[in-house]
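Everything below concerns the one structure shown next.
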Amino acid sequence: MPGPLPSRPSWWRPLLCGLWALSLAVPLLAQPLTGDNLVVEAREAARKRDRNRLAAARAAVQAAQHPLAPWVEYWDLSSRLNEAKVEEVEAFYSRWAGSYVEDRLRNDWLLELGRRRDWVNLARDYPRFRMNDDREVSCWWLLTEHLAGRDVREAARQAWFAQRDLDDGCNMLATAMVDSKRFGAEDVWRKARLAVEANRLASAKAALGLLGNTLERTAGEALDNPLRFLKRESASAPTQRQELRLLAVMRLAAGDLDQAATLLEERRHLLSPVQAAWAWAYIGRQAAIKLSTDAPGLYRRALDLAGRDNHPAWSDETLLWGARTALRAVPPRERWPLLLRLVALMSPAQQADATWVYWKARALQATAREGTEGDAQRAEARRLLEGLAGGLHFYAQLASEDLGLPPTLPPTPLPTTPAERDAARATPGLARALKLAELGLRDEARREWNFTLRGMGDRELLAAARWACDTGDWQLCINTSDRTRSEVDVATRYPMPFANEIQGAATAAGLEPAFVFGLIRQETRFMATLQSSAGARGLMQLMPATARWVAKKVGLDFNPARADQIYDPATNLKLGTSYLRMVLDDLSGSQAMAAAAYNAGPGRPRRWREGPVLEPAIWAENIPFNETRDYVKKVLSNASIYAALLSRQPPVLKARLGSPIGPRDASAPVNGELP
């Protein structure tokens, strides 16, 4: 007779049941189910909203005690949150207290409580929300505070003004504030102006609906067909009508700048001086984005209408573009006073941004009187530059060079100790993040990792960065090292993986290796298998069509049907550096323009170089695309650091920026084939 069945550990039966349930939900699997496979299956089921398959995967993962069980439980519970009870959510909080998924579920649950109008539980749970980065959740919370009789007017205004897309929470908050007369008509009109500026017409119409259905319908006419609306307007009108005219002018300017300026010039009576000032400033902003030399005159007109004693309360975005066009399109003698005036009107947060600290300092230097009368102003300029100097970012490096300080890299911090490294490896959130990354769930990995870094000091951050580097996750490594404040480890902040391959490919293409390192750090953080949402792939983020074109030009055997070929570091570097060399040659050898071309396509920097001859830093600051402007500055400042690391010489940025940027020489050829 056969002997008794061998005993099984206590977890065997639930694991077997979970796998059996999953086999029913997923009849055919390409490979045997392991714990890792179960997690990937669960994520796929969550994406497809297959609740039965997800529930089965959850049971199996729980039974297997997989370290990513919190994530599978989160996907499962969030898929049915509209049916969940408070007790079930609280139990999840207790099981995974302190984790990212606890706070992520709390974010989702607070939104659900708002939709349920469950003010009691929302007010109880919100103080435990640690990320506190969801604007709609903030609006729901402020509404509960308002209903409890607390004065939240200013916080509510800021939350509502910052809302970009329509959402239930902020709209309900605004409705309650208007109904209780805590928001006045002036607040509603400001929200409408900001929404039109951001091209959020539905938000503008919804805001005006708070002042009555009739006004909302009229606003629809003004925004949907602004030219027809304005042509029907003839005489002076009540404030409401003038505000609608302003919105119509702004809407018209977004589509036809010249027509809006002409109409406003010919029909000045349509707006009050304050409204006309806003309109001219907005038209100036649109002109500045188009790099028009008319933009400074439009801003001056707006400032004259606003008057020197009045703060026009224009949006920061309008003021930023005013400052940029002052740098770009105004002769130096007039440039700096205009820039100082516009910077002074920015919000405190924008004035404290390194960009405007730097340019304010330059303006103060340029406008200081000669002799002792200008000493105080020069001292203030120096103080501002000294506050920037010593850092590694674009304007910190420029400030150091402007001050004549010897450029140096930060001192190397003490190596992390075994105890510090062990503490990092014992942190569950970091371990879960690396496991998620290993399974290809990079978005989840990034969120878990970043949440876990909250509150860490420099030494803890350095240990976490080192662990990420040791695993080859250069993205997490660099991003973590970037967070340190006083202890800067250049080795983990500016690592050099694939060093031989990058230097070899750069040299073969006739490029400076530091420039290629700087570009790859910004593109992919040296992650060779990344693919962007647009389809760019590999270390240097090549689009397949561009890769095919370059391969043909350089005689490289490249088969687009082989999906792995473009991810191969050697192939990707060969194609990427060859393309970068072609772009650099086409753009007069300017690294600033070449970086812009690599990000936004070569046709755009060709257009952006037209107009006045500019200092390269001014040219970069006037790039119309936010992403490309930031990209260019980071690539060049990265390259400066890598050059210092590779040559063991001090980092120098100004020489890298090169000669002034202006129109192409008429005799210079244009490579019209470049994709």
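Please report the equivalent ellipsoid semi-axes of the stretch 405-469, computed as sqrt(5 x eigenvalue) of the Cα gyration tensor, largest first, in whole Å.
Rounded to whole Å, the semi-axes are 25, 15, 10.
How much of the accessible area of the chain, probe 1.4 Å, is carbon plus sulfur, in whole percent?
Here it works out to 51 percent.
Calculate I(q)/I(0) for the stretch 39-177 by the Debye formula, one identical point scatterer on each C-alpha and no solvent, and give its log10 at q = 0.15 Å⁻¹ to two decimals.
-0.77
Dividing the Cα radius of gyration by the Kirkwood radius, what Rg/Rh value follows for the stretch 539-631?
Taking Rg over the Kirkwood Rh, I get 1.04.
Based on DSSP H runs of at least 4 residues, each adding -39500 (n - 2.57), what is the mean residue ellipticity at 222 nm of the chain after dividing by all its residues, to the nearest 500 deg cm²/dmol?
Value at 222 nm, helices only: -20000 deg cm²/dmol.
What are the ³J(HN,Hα) values, in whole Hz, obtained from phi via the Karplus relation 6.51 cos²θ - 1.76 cosθ + 1.60 with θ = phi - 60°, for each residue of the stretch 370-383 in sequence order, with x given for Gly and Pro?
6, x, 5, 5, x, 4, 5, 5, 5, 5, 5, 4, 5, 4
Which value in Å does the Kirkwood hydrodynamic radius of the stretch 41-121 take, with 1/r averaged over all unlike C-alpha pairs and then inverted?
Every distinct Cα pair counted, the radius reaches 13.0 Å.
In whole Å, what is the distance between the alpha-carbon centres of the stretch 234-305 and the stretch 477-519?
If we compute the Cα centre of each part, the gap is 47 Å.
In Å and on Cα atoms, what radius of gyration and Dmax does the stretch 267-388 show?
Cα radius of gyration and Dmax of the stretch 267-388 are 15.0, 49 Å respectively.
Kindly provide the Kirkwood hydrodynamic radius of the stretch 430-523 in Å, to one decimal, from all pairs of distinct alpha carbon atoms.
Mean inverse Cα-Cα distance, inverted, gives 14.1 Å.
For R369, R190, R382, R629, give the ranking by accessible area with the largest first, probe 1.4 Å.
Sorted descending by solvent-accessible area, the residues read R369, R382, R190, R629.
Given a 1.4 Å probe, how much area per residue of the stretch 196-292 is accessible, in Å²?
42 Å²
Using the Kirkwood radius over C-alpha pairs as Rh, can you work out the diffusion coefficient of the chain via Stokes-Einstein at 25 °C, viscosity 0.890 mPa s, in µm² per second?
For the chosen part, D equals 85 µm²/s.
Can you check how the C-alpha radius of gyration of the stretch 245-309 compares to 2.2 N^0.38 Å, as a plain ratio?
0.99
Quick one: compute the contact order of the chain, relative version, from alpha carbon pairs under 8 angstrom and 6+ residues apart, as a percent.
Once divided by the residue count of the chain, the mean separation gives 7 percent.
For the stretch 335-374, what is the accessible area per residue in Å², given a 1.4 Å probe and the full set of protein chains?
46 Å²
Run the 1.4 Å probe and let me know the accessible area of W467, rounded to the nearest 10 Å².
30 Å²
Assign unit charges at the C-beta atoms only (+1 for Lys and Arg, -1 for Asp and Glu), then state the dipole size of the chain relative to its Cα centre in Debye, rounded to the nearest 20.
Roughly 680 debye, rounded to the nearest 20.
With θ set to phi - 60° and the Karplus curve 6.51 cos²θ - 1.76 cosθ + 1.60, what are the ³J(HN,Hα) couplings of the stretch 341-354 in order, to the nearest whole Hz, using x for Gly and Pro?
5, 6, 4, 5, 8, 5, 5, x, 5, 5, 4, 7, 5, 4
Which three semi-axes in whole Å describe the equivalent ellipsoid of the stretch 141-211, each the square root of 5 times a Cα gyration tensor eigenvalue, listed largest first?
In descending order, the three semi-axes are 20, 12, 10 Å.
Mind ranking 562-568, 72-78 by how tightly packed they are, going by the mean number of other C-beta atoms within 10 angstrom, highest first?
Packing proxy ranking, top to bottom: 72-78, 562-568.
Tell me, how many Å apart are the Cα centres for the stretch 584-662 and for the stretch 41-103?
Answer, in whole Å: 47.
Counting only heavy atoms of protein chains, what accessible area per residue, in Å², does the stretch 398-462 have with a probe of 1.4 Å?
Accessible area per residue, the stretch 398-462: 48 Å².
Set the Förster distance to 60 Å, then compute FRET efficiency between R562 and E373 from the Cβ-Cβ distance, nearest 0.05.
Taking R0 as 60 Å, the efficiency between R562 and E373 is 0.25.
Could you state how much accessible area H393 has, in square angstrom rounded to the nearest 10, with a 1.4 Å probe and all protein chains kept in place?
For H393, solvent-accessible area is about 90 Å².
Work out from phi, with θ = phi - 60° and the Karplus expression 6.51 cos²θ - 1.76 cosθ + 1.60, the ³J(HN,Hα) of each residue of the stretch 641-647, listed in order in whole Hz, and give x for Gly and Pro.
5, 5, 4, 5, 5, 6, 9
Across 10 Å bins from 0, what is the distribution of all Cα-Cα pair distances for the stretch 162-311, in whole percents?
11, 41, 34, 13, 1
The values are calculated or read from the model by the stated rules, or taken from the named source; none is laboratory data. Predicted model, so just to flag it, every value in this text is computed and none were measured. Every residue, glycine among them, receives a Cβ derived from its backbone with ideal geometry; neighbour counts consider all protein chains shown. For accessibility, only protein heavy atoms count, side chains too; no ligands or nucleic acids. Shrake-Rupley method; radii C 1.70, N 1.55, O 1.52, S 1.80 Å.
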